[in-house]
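The next block holds one structure in the form of C-alpha cells; read it before the comments.
The values are calculated or read from the model by the stated rules, or taken from the named source; none is laboratory data. Nothing here was measured: the structure is a model prediction, and the numbers come from that model. Here the Cβ is made from the backbone with ideal geometry for all residues, glycine too, and neighbour counts use every protein chain on show.
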There are 2 protein chains.
Amino acid sequence: MSGQLVCVEGLLGKHVPAEDLSEVWRILYGKELRKLDLPSSAVNAASQENFEIKGCVFEAALEQLRRPRTVRVGLIQNKIQLPTTSPVAEQVNALHRRIAEIVDVAAMCDVNIICFQEAWTMPFAFCTRERLPWTEFAESAENGATTKFCQELAKKHNMVIASPILERDESHGDTLWNTAVVISNTGAVLGKTRKNHIPRVGDFNESTYYMEGNTGHRVFQTAFGRIAVNICYGRHHPLNWLMYSINGAEIIFNPSATIGELSESLWPIEARNAAIANHCFTCAINRVGTEHFENEFTSGDGKKAHHDFGHFYGSSYVSAPDGSRTPGLSRVSEGLLIAEMDLNLCRQTCDKWNFKMTGRYEMYAEELARAVRPDFQADIVRE
Amino acid sequence: MSGQLVCVEGLLGKHVPAEDLSEVWRILYGKELRKLDLPSSAVNAASQENFEIKGCVFEAALEQLRRPRTVRVGLIQNKIQLPTTSPVAEQVNALHRRIAEIVDVAAMCDVNIICFQEAWTMPFAFCTRERLPWTEFAESAENGATTKFCQELAKKHNMVIASPILERDESHGDTLWNTAVVISNTGAVLGKTRKNHIPRVGDFNESTYYMEGNTGHRVFQTAFGRIAVNICYGRHHPLNWLMYSINGAEIIFNPSATIGELSESLWPIEARNAAIANHCFTCAINRVGTEHFENEFTSGDGKKAHHDFGHFYGSSYVSAPDGSRTPGLSRVSEGLLIAEMDLNLCRQTCDKWNFKMTGRYEMYAEELARAVRPDFQADIVRE
C-alpha cells in the first residue's frame, strides 16, 4: 500500500486508447458525466489551500409537472491535521479550521448539502483499544463544540451539514455512540442518526467503544431534498441502505474510515450497488492519509506490533440511481467533491426499473422473521 | 452498441502500464487470480467448435479441521443456433446439440457443477408479446425433453446441471414459469426453483408470460456444495440474494438475458456486491448475440418499430466472497468460463467480516413488516 497510485479513473482516462475510452467508461462507470463548471475563485482557493476539487453533473429528463430539483452536494475527505499526540482540544480545533476552509470553498461553488467523513473531529483511534485520550473526543450531539461550530457554518453558508462525530450521550449514562448530526441550513440541529452496524474486523475494534445504533433508519427532510446517513460499516449491509430508501431518502451519505488492504476492492462496488438497488444517490466518503499512534498495538493478524494500521485511501465518490458515478477523489490527498444532481432522477429511475414495486417485501419480512428464530430450518433440498 | 469491444478486463490488461497494472487490478477487481491450467484437448476442442474457454482459481487458506472443498464450476454463454423463424423443435434440438458440445469440453476440464443461461432452449422472445410459437418452447420441469437431455448429460459426466427453462406446469392449470431445474450428478432431478422477481422494464415484457415464482429461496445440497439459482432480474434485489444465502447457498447462479444499453454498467456491480454482502460465490451468466424476430415490435421508448432489441453482451463472470472476480467472457462470442473455487473461502470470509452476525435481521424483519402495511408512515424528521 504505497498510496502512490492517485486515482484509477484518472489513470484509465490517460491510458485507454481514445477510440475505446467512452465504451470502457460506459461499461465500468455508466453514462459519462458532464464536468461541473467551478468558479475560478474556488479552484484557486483549493489549490492555495492544498486540496483537490472536482465536480460532476448528474442530469435527469425534463418532466411536465415537476421542475428539475437541482441540488449541489459536497463531500469532504481530509487528513488529521496534527499528530495524534497533540492535546485533544488542539487536534479538534485544527480540524475545525481545516473543515471551515474547505466548506468556504464549497460555498463558493453553491453547495447546498455537505457531509464530512466519519468521526471527523478525531484520529480513527479505535485500533488502539485505549480509552484516554480518545474518548475525550466524544461530544454531545446537541450541544457540543463541534455541533455549535457546524451550526455557525450552516447559517453562514445556507448549507445543510451532516457532521459525523463520536457522540457522548450524557442523558443515557454517558454512553458513547458513532453518530451523525444533521444541521439544517437555518442553523438548527435537525436531528441525529446513529451507526447501525458495528465492525468487528481487523483493526476496526469499534465494538470496544460503542454499540449498534438505536435510531433506526430515519430520514431528514431538508430544504434541498431528503437525506439519510449510513455510517461506514453499514455500507456492507444492503438492508440498511434499503430501509433508508424505504423511508424516503433521495441521497444517502456513507461517511467512512477504511483502509486499503481490507476493503479497497469492495469500495467501488457497495455504495454504487446501493444507489442502483434503491433508486437513489449515494455518497461514499473515506478519510485519507496514515495515522500514527504513540503506543504500539497488534492487529490480530499474526504480525508484529506497529504504530499505524495502514493507509486510508480516500477515493470518495458519488453514485446515481442509473448506475453512473463520478470519478473518485484522490487516494492520497485531501479533497472536495461536488456533485450537482437533479433529484428527479430518483423517481424517474424508480418508474423505469421498478425495484420497489417488484420487491416483494412482505415475503421477505416473513422469511427474515422465520430466519432469526432459534428453531429456523433452512430450506435445503436433498437427494 | 456495436459489440466490438470484446472484453474490458482484457483491454485494461493490454493498455494499463505494467507498473500500475497489479494495483489497478486490485482496486477494480480484487485479488488477482491464478489462471486455471486447462487440458490442451479442451482448449483445442473449444477452438475447433468456436467458443471461448477461460479458467480461474479462487484459493482459500488451509484449515486444520476441514479439508479444502475444491469444486469446479462451469458457466456457459451461447447464442441461439437457428433463426427464430425455424420450427420450434429444430431450434431446441440445435441448442441441445450446441450445449452438449460445450458440456463435453467442460467435462474434459473436470467441471463438477454447470449452469446454462436463462431460458436457454429458446430465443428471448418475450419482447414480442406474441404467444405462438414462443409458448411452445415451454416444457415440464420434471419430464420435459430438455430435462431428460440434461439428466443424460449429468449422468454421463458426473456433473450437477442447473438448467433454466421456460416451464409449463400442467398440474397447475398449464401455468408458465421461468424456472431452473437442478439435476444431480446422479442424473436425478433434484428439484426446481423459480424466478422470484419479474421485470417490467423496456423490452423485458416478461410479466406478460409468467408471474413471480412461488418456490421461495430453496437451496440444493449437491455432492459438490450447496447451490441456489437466482434468475435474471432477481439480481437487482439484494434481499433475494440474502435469502438464498441465509438458506445456506455457497454458490448462487444468476442465469440472465440482458442487453447493453439497459444494464451493462450495472452488470459488473450487482452479482459481485451479492458475493461480498453474503459471503458466497456468485456466477453471473448472460446470453450473447442479437436475436431477430419476424414481426416488428415497439419498445415503449418512442422509437420506431424494429425486429430486435439489441445486443446481449455476454460478459459472464464469477465473484468470490472476498470481492475478487474473474475477467468476463467475451461480449460478442460464445464461451465457457470455468472457476475452480475452494468453498472454504465462504466461511473464512464470514468469520472475518461477520456480515451475518452483525446483520440485525430481527430489526429488519420488523421494519419491513411495518413498511408494507397500508398505514406505514415513513420515519422522516422535519424542522
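Report whether or not B:E63 is of a type outside the set (V, I, T), part of a loop (DSSP other than H, G, I, E, B) and either touching a Pro at 6+ places or on another chain (Cβ under 9 Å) or at pLDDT below 95 (or both). Against the criterion (of a type outside the set (V, I, T), part of a loop (DSSP other than H, G, I, E, B) and either touching a Pro at 6+ places or on another chain (Cβ under 9 Å) or at pLDDT below 95 (or both)), B:E63 does not qualify.
A:D174 - would you say it is touching a residue at least 60 places away in the same chain (Cβ under 8 Å) and more than 10 Å from chain B (Cβ to nearest Cβ)?
Details: touching a residue at least 60 places away in the same chain (Cβ under 8 Å): no; more than 10 Å from chain B (Cβ to nearest Cβ): yes.
Considered against the rule, which asks whether it is touching a residue at least 60 places away in the same chain (Cβ under 8 Å) and more than 10 Å from chain B (Cβ to nearest Cβ), A:D174 comes out as no.
Among the residues of the stretch B:181-200, those that are at the interface with chain A (Cβ under 10 Å from one of its Cβ atoms) and farther than 19 Å from B:W134 by Cβ comprise B:V182, B:S184, B:N185, B:T186, B:A188, B:V189, B:L190, B:G191, B:K192, B:T193, B:N196, B:H197. Considering (1) more than 7 Å from chain B (Cβ to nearest Cβ); (2) under 14 Å from B:Y364 (Cβ atoms); (3) touching a strand residue (DSSP E or B) at 6+ places or on another chain (Cβ under 8 Å), the lone condition that A:T222 does not fulfil carries the number (2). Answer yes or no as to whether A:A339 is of a type outside the set (D, E), within 20 Å of the chain's Cα centre (by Cα), within 11 Å of chain B (Cβ to nearest Cβ) and closer than 24 Å to A:I227 by Cβ. Spelling it out, it is not the case that A:A339 is of a type outside the set (D, E), within 20 Å of the chain's Cα centre (by Cα), within 11 Å of chain B (Cβ to nearest Cβ) and closer than 24 Å to A:I227 by Cβ.
For the stretch B:138-156, residues that are assigned to a helix (DSSP H, G or I), in contact (Cβ under 8 Å) with a residue 40 or more places away in the chain and buried (at least 20 other Cβ atoms within 10 Å of the Cβ) total 4.
Results for (1) within 10 Å of chain A (Cβ to nearest Cβ); (2) closer than 24 Å to B:F58 by Cβ; (3) of a type in the set (V, I, T), shown as yes or no for each residue.
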site: B:L343; (1), (2), (3): no, yes, no
site: B:Q348; (1), (2), (3): no, yes, no
site: B:R370; (1), (2), (3): yes, no, no
site: B:D375; (1), (2), (3): no, no, no
site: B:D379; (1), (2), (3): yes, no, no
site: B:R382; (1), (2), (3): yes, no, no
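Residues in the stretch A:2-52 that are away from chain B (no Cβ under 14 Å) and without any contact (Cβ under 8 Å) to a residue 40 or more places away in the chain were compared, and the one that is surrounded by the most Cβ atoms within 10 Å (Cβ to Cβ) is A:V43.
Return the only residue of B:P164, B:P123 being closer than 23 Å to B:S86 by Cα, assigned to a strand (DSSP E or B) and in contact (Cβ under 8 Å) with a residue 60 or more places away in the chain. Explain how you work it out, then say what you get.
Working: B:P123 fails: assigned to a strand (DSSP E or B).
Being closer than 23 Å to B:S86 by Cα, assigned to a strand (DSSP E or B) and in contact (Cβ under 8 Å) with a residue 60 or more places away in the chain holds for just one of B:P164, B:P123, which is B:P164.
Can you work out which of the residues in the stretch B:232-244 that are over 18 Å from B:T326 (Cβ atoms) and more than 9 Å from chain A (Cβ to nearest Cβ) is surrounded by the most Cβ atoms within 10 Å (Cβ to Cβ)? Before the answer, list the steps.
Going residue by residue through the stretch B:232-244, those that are over 18 Å from B:T326 (Cβ atoms) are B:232-234, B:236-244.
After this cut, where a residue has to be more than 9 Å from chain A (Cβ to nearest Cβ) as well, the list is B:232, B:234, B:244.
Working: B:C232: 25, B:G234: 28, B:Y244: 31.
The selected residue is B:Y244.
The lone criterion from (1) crowded, with 22+ Cβ neighbours inside 10 Å; (2) closer than 21 Å to B:A257 by Cα left unmet by B:G55 is number (2). Only residues that are in contact (Cβ under 8 Å) with a residue 60 or more places away in the chain and surrounded by 24 or more Cβ atoms within 10 Å (Cβ to Cβ) were counted across the stretch B:258-283, and they come to 6.
For the stretch B:245-272, filtered to residues that are within 14 Å of the chain's Cα centre (by Cα) and of a type in the set (S, T, Y), the residue that is nearest to the other protein chains (Cβ to nearest Cβ) is B:T258. Only one entry in B:D322, B:D301 is surrounded by fewer than 24 Cβ atoms within 10 Å (Cβ to Cβ) and within 21 Å of A:G323 (Cβ to Cβ), namely B:D301.
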